[in-house]
Amino acid sequence: MIPEIGQFALILALGLAFIQAIIPLLGALWRRGDLIAIARPAATGQFIFVMAAFIVLCHSFLNNDFSVLYVVTNSNTALPTPYKIAAVWSAHEGSLLLWILILSTWTLAVAVGSRRLPDEFAARVLGVLGIVSVGMLLFTLLTSNPFERIFPSAIEGNDLNPLLQDPGLVMHPPILYAGYVGLAVPFAFAVAALLTGKLSQDWARWTRPWTVSAWMFLTVGIALGSWWAYYELGWGGWWFWDPVENASFMPWLAGTALIHSLAVTERRGIFKSWTILLAITAFSLSLLGTFLVRSGILVSVHAFASDPARGLFILLLLGTITGGSLTLYAFRARHLTVVEGGFRLVSRESFLLMNNILLVVATAAVLFGTLYPLFLDALGMGKISVGPPYFNAVFVIPMLPLAALVGVGMHTSWLRMSGEPLSRRLLFPAGIALIVGLIFPFIVFGQAGALTLIGIVTGLWVIASSLLEPIKRALRKDSAPMPLTRGQWGMYLAHLGVGVFILGATVTSSYTIETDSSAVLGDRWQVGEYELVFRDLRRIEGVNYEATEGEFEVWRDNQLMTILRPQKRIYRVQTSPMTEAAIDVGWGRDLFVALGEPLGAGAWSLRVQIKPLIRFIWLGALIMAFGGLLAVMDPRYRVQRTREQGNLRKKPTKTI
Amino acid sequence: MFLIGLVATGVSISAFLALQAFEENLLFFFSPAQVAAGEAPTDRTFRIGGMVLEDSIQREVGSLTLNFIVTDYTAAIPVSYTGVLPDLFAENQGVVARGRLDSQGSFIAEEILAKHDENYMSPEVAEALALSKELKSL
């Protein structure tokens, strides 16, 4: 009975989504306040019913209701409780429900947070979000119902895929989806602006915090995924250019471009139609990503065809949302009130323009490499895959100049350069980056290739340049020109994160020591500067698995550094083996030991890796996200209503 | 104008480099039957997929090097790999390997691809098997 309540709640949510999609838009068109007023209650109601459906599904998982097909396929009585909750979003149906829940949460947030906006505009935004919601709810109810029953009910479930039984995977999907789906908000703002036919600078100021919030979640979500792949997939890579990863990375790239072009639109009122186009692109890419991952199209275009209903629906939805908004764009973009303003070559505008071009080029290259094999396969022209070297090349080529420009761009002013010439101001950070970057690799690692040096110098350059203003302020407190706003702090921090990431990625890629070896108990061998001793091998009983655990002592300079215990697990239900690597985490380096398989005569295959600065990769992402958080909290996003009413005169815009 | 020219040049150079990188990094997939028929290149890396033939896994005791046979039940190709294997590598299971052919016609794998799920069969492998079945029934 209870699962039916969940399904019923979803159907009611769909009804409310229809109301939210149609009535407020008509209200805005006819300028009818009574119709406009329906937007917020409809959004709230929809949230409540989606939440109810989600809770019902959680309830079915927690109570081992094996009459529900989705629970049978993804859970088991022996599964630990936190993983039962994580199992809710571990497969297609449940993750769609999570998607919808997050969309309705964002919608509710917009409904509450948009009270400061003109009612008509807010109604349009909520209406557009309603349309997206209708599409997703229809998709779930028609093709992927998570509440489907089986009769007779199963006695036991098939268990959650052991790979997903991990704390990282509990957090990764909700946060990533919060980012993915959050891009629906700037999309809705963009479409609402197209519908209105007017795009003021206020529009950009309203849109910016929403965009940055979504981007923040996306950044953390991607970083979590990369971290999980690093320790759980067992083999120590942190990014594979796997289509699933690309699916989340493309919206991030487009979203990053969007944040920057929004800055120009807010401050200078230019780049308007470009910003709108980016908002549409970013959300379309996240829709594309969701479907690439969720439709099975990536596994094969044939698997895609095996469920024609899902495949068709996906295409229809993508076509409607993307195609519809682009058509609207084609008709309306010209009519947006354009305030043209020129700018000089050395101005913040032109640096942000280059940022946008380079990011869009990188997005396009990744998109091409991801989709091309699918097209070729669909046309029956052979099966190919595109290797990581392609992605590394096409990504690094636009990103290196971008990183180099970031360091300068941060310090430029709007319109034109003023005050101290740029070159003199940037001499110091550039010098530090060059000196440290060219010496440090040789001292620490003894050797360095040209690309490595370029990467390290670029990373340090971005770091030094990001820290320049904050340090200046810290050093001369009294004579400081002006305190930094939260927005500026956010910008410097986010860019600092970029630098930290570049440094980490370069050093890890260049100096990782990776060895596969064979060892028997008592063996002692050298990896890099460490000596490993294979001490022990024993059986371990886990909650729902059995494991073989190795014990390895790590010595350096005749001192015991740590003891690592990697495991090879066999989960009882799915009986598939799982490698649990043991990692000694450090700021300077990670020491990674994974147990392979028995090679006979007591020997085991082992993978041992030393990965210098790998933590900087995720640390960099976290700093970026934190920068985003500071920027969102900038007080200037809060005084909007009063400003619109003219009670407060606009402050001179010298920030960001 | 100068800026536009600069940007256009930059974009075309990167597009050229990207296409070149793309061309060099395309990995084609071949089934054992196609490899046996000589359709696979001998001078570049490609991927091969099929089932690991029963009782074909051979390894010298304590060695990291492993030999096995990958088959689509039409043809059988010997594969050699040195290193740690993915968790789900086993006899009578689907496998995809990346590497190249040596002069004796055996496949030297640089990488054995891991699957995420034991029920999941790589679509390429499934198709290779289906194709081979079709050929036999002719």
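The values are calculated or read from the model by the stated rules, or taken from the named source; none is laboratory data. Please read these numbers as outputs of a predicted model, since none were measured by experiment. With ideal geometry, Cβ positions are generated from the backbone for all residues, glycine too; neighbour counts draw on all protein chains shown.
Checking the structure you have, find out if any residue of the stretch A:75-93 is under 27 Å from A:ARG124 (Cβ atoms) and surrounded by fewer than 17 Cβ atoms within 10 Å (Cβ to Cβ).
The answer is no; no qualifying residue exists.
Suppose we keep only residues that are modelled with pLDDT under 90 and surrounded by 18 or more Cβ atoms within 10 Å (Cβ to Cβ) within the stretch A:412-447. Which one would you say is nearest to A:GLY499 (Cα to Cα)?
By that ranking, first place goes to A:LEU426.
Just name the residue that is nearest to the other protein chains (Cβ to nearest Cβ) out of those in the stretch A:576-589 that are within 12 Å of A:LEU564 (Cα to Cα) and in a strand (DSSP E or B).
Among residues in the stretch A:576-589 that are within 12 Å of A:LEU564 (Cα to Cα) and in a strand (DSSP E or B), the one nearest to the other protein chains (Cβ to nearest Cβ) is A:GLU580.
Among the numbered criteria (1) more than 14 Å from chain B (Cβ to nearest Cβ); (2) more than 29 Å from A:MET216 (Cβ to Cβ), which one does A:ALA631 miss?
Result: A:ALA631 fails condition (2) only.
For the stretch A:559-573, check the following and say yes or no: at least one residue is closer than 27 Å to A:ALA505 by Cα and at the interface with chain B (Cβ under 7 Å from one of its Cβ atoms).
No.
Determine whether the stretch B:18-32 contains at least one residue that is away from every other protein chain (no Cβ under 11 Å), under 22 Å from the mean Cα position of the chain (by Cα) and at positive phi.
So far as the stretch B:18-32 goes, no, none of its residues is away from every other protein chain (no Cβ under 11 Å), under 22 Å from the mean Cα position of the chain (by Cα) and at positive phi.
Hand me the list of helices (runs of 4 or more DSSP H) wholly inside the stretch A:20-123 holding 3 or more residues that are more than 26 Å from the chain's Cα centre (by Cα).
Of the helices (runs of 4 or more DSSP H) lying wholly inside the stretch A:20-123, those with at least 3 residues that are more than 26 Å from the chain's Cα centre (by Cα) span A:33-36, A:39-62, A:69-74.
Considering only the stretch B:59-89, how many residues are surrounded by 15 or more Cβ atoms within 10 Å (Cβ to Cβ), modelled with pLDDT under 85 and more than 16 Å from B:LEU113 (Cα to Cα)?
1
Quick check: is even one residue across the stretch A:210-231 modelled with pLDDT under 90, over 12 Å from the mean Cα position of the chain (by Cα), part of a helix (DSSP H, G or I) and hydrophobic (A, V, I, L, M, F, W, C)?
Yes, the stretch A:210-231 contains at least one residue that is modelled with pLDDT under 90, over 12 Å from the mean Cα position of the chain (by Cα), part of a helix (DSSP H, G or I) and hydrophobic (A, V, I, L, M, F, W, C).
Can you work out which of the residues in the stretch A:46-68 that are over 19 Å from A:SER144 (Cβ atoms) and crowded, with 20+ Cβ neighbours inside 10 Å is modelled with the lowest pLDDT?
The qualifying residue modelled with the lowest pLDDT is A:PHE66.
Looking at A:LEU163, A:LEU253, A:LEU258, A:LEU199, can you tell me which residue is aliphatic (A, V, I, L, M) and either surrounded by fewer than 24 Cβ atoms within 10 Å (Cβ to Cβ) or assigned by TED's automatic domain parsing to the domain that holds A:VAL128 (or both)?
Step by step, each of A:LEU163, A:LEU253, A:LEU258, A:LEU199 is checked, and only A:LEU163 is aliphatic (A, V, I, L, M) and either surrounded by fewer than 24 Cβ atoms within 10 Å (Cβ to Cβ) or assigned by TED's automatic domain parsing to the domain that holds A:VAL128 (or both).
What is the one condition in (1) closer than 24 Å to A:MET491 by Cα; (2) away from chain B (no Cβ under 14 Å); (3) of a type outside the set (Ser, Thr, Tyr) that A:PHE445 does not satisfy?
Condition not satisfied by A:PHE445: (1).
Quick check on the stretch A:348-357. Is at least one of its residues aromatic (Phe, Trp, Tyr), assigned to a loop (DSSP other than H, G, I, E, B) and closer than 19 Å to A:SER466 by Cα?
Taking every residue of the stretch A:348-357 in turn, none turns out to be aromatic (Phe, Trp, Tyr), assigned to a loop (DSSP other than H, G, I, E, B) and closer than 19 Å to A:SER466 by Cα.
For A:VAL462, work out the one condition from (1) in a strand (DSSP E or B); (2) of a type in the set (A, V, I, L, M, F, W, C); (3) touching a His at 6+ places or on another chain (Cβ under 7 Å) it doesn't fulfil.
Here A:VAL462 meets the rest and fails (1).
Out of A:LEU163, A:LEU126, A:LEU142, report the one residue that is in a helix (DSSP H, G or I) and within 14 Å of chain B (Cβ to nearest Cβ).
Just a single option satisfies the conditions, and that option is A:LEU163.
Can you say whether A:ALA43 is touching a residue at least 12 places away in the same chain (Cβ under 8 Å), hydrophobic (A, V, I, L, M, F, W, C), surrounded by 21 or more Cβ atoms within 10 Å (Cβ to Cβ) and over 30 Å from A:ALA193 (Cβ atoms), as far as the supplied structure shows?
no
Pull out all pairs, ordered by first then second residue, where Cβ-Cβ is under 6 Å, the residues are six or more apart or on different chains, the first lies in the stretch A:157-173 and is free of Cβ contacts under 8 Å to residues at least 40 places away in the same chain, and the second is crowded, with 21+ Cβ neighbours inside 10 Å.
Every condition considered, no pair remains.
Matching residues to (1) in contact with a helix residue (DSSP H, G or I) (Cβ under 8 Å, 6 or more places away or on another chain); (2) among the small types (Gly, Ala, Ser); (3) more than 20 Å from A:ASN355 (Cβ to Cβ); (4) within 14 Å of chain B (Cβ to nearest Cβ):
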| residue | (1), (2), (3), (4) |
| --- | --- |
| A:GLY387 | no, yes, yes, yes |
| A:TYR390 | yes, no, yes, yes |
| A:VAL408 | yes, no, no, no |
| A:GLY437 | yes, yes, yes, no |
| A:PHE440 | yes, no, yes, no |
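Taking A:ILE11, is it more than 31 Å from the chain's Cα centre (by Cα) and β-branched (Val, Ile, Thr)?
no
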